[in-house]
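> First the structure, then my questions, so here it is.
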Amino acid sequence: MTEGALTVQQTGRFPTAATATAAAVAAGLLLASAPAGAAPNWQTVSTGPTWSCAPTVVHTAGAGVGLQACLVRNANDDAQTVLVVVNNSGSAVTVSATVTSDFAASAGCSTYTLTAGERRGCFGTTAHVPDCLYGAGHPDPDGQTYGGSARLTVNGVTGSTSSPRTGCVPA
């Protein structure tokens, strides 16, 4: 059984309207409380001081569609990769995306019609940035930095970009 799934005991009777309503409300609450690991929907986006973004690049599908991969890291050393897309072309485009990182699971955003002038973000999975292998004050021969990348499909043509990188968490 899937975690959080509802079960209905077979009693030979049909559930009352109140029981059906309660089950629907409970299912809605379970869905609302689920982690946002894979955000299938494009969201409004506004960058802030915890965002580190790569330069915007023009998508190969056509002039006017820009994409930029950002790395967002908070004070608790949790981070996520976010793909920011802006449509500065004169017409709507169809987009979908996959966001990956070196420290968390991949996430994807479903097909969406991005209207002219619109800006949206595809948010990757949030996870804790890994601890440094060698501890604070010790040089790290591997450079232990973490980042992410994003693949954006615009009208059937795929392009990609990478985010800036962030350091490991000192032990």
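> Per residue, how large is the accessible surface of segment 51-171? Use a 1.4 angstrom probe and give square angstrom. Walk me through the numbers on the way to the answer.
Details: 5560 Å² over 121 residues.
Dividing the accessible area of segment 51-171 by its residue count gives 46 Å².
> May I pose another question? Less than 15 Å Cβ to Cβ from TRP42, Lys/Arg counted +1 and Asp/Glu -1: what total charge do the surrounding residues give? Can you show the working numbers first?
Details: positive: ARG119, ARG120, ARG151; negative: GLU118.
Spelling it out: positives minus negatives among the neighbours equals +2.
> Distance from a point 7 Å along Cα→Cβ of ALA63 to each backbone N in segment 89-124: keep the residues under 17 Å and list them by number.
Label zone hits: 89-92, 117.
The values are calculated or read from the model by the stated rules, or taken from the named source; none is laboratory data. For clarity, every value in this text was computed on a predicted model and none was experimentally measured. Note that we place each Cβ from the backbone using ideal geometry, even for glycine, and neighbour counts take in every protein chain shown. SASA here: full protein model, heavy atoms, side chains in, ligands and nucleic acids out. Shrake-Rupley method; radii C 1.70, N 1.55, O 1.52, S 1.80 Å.
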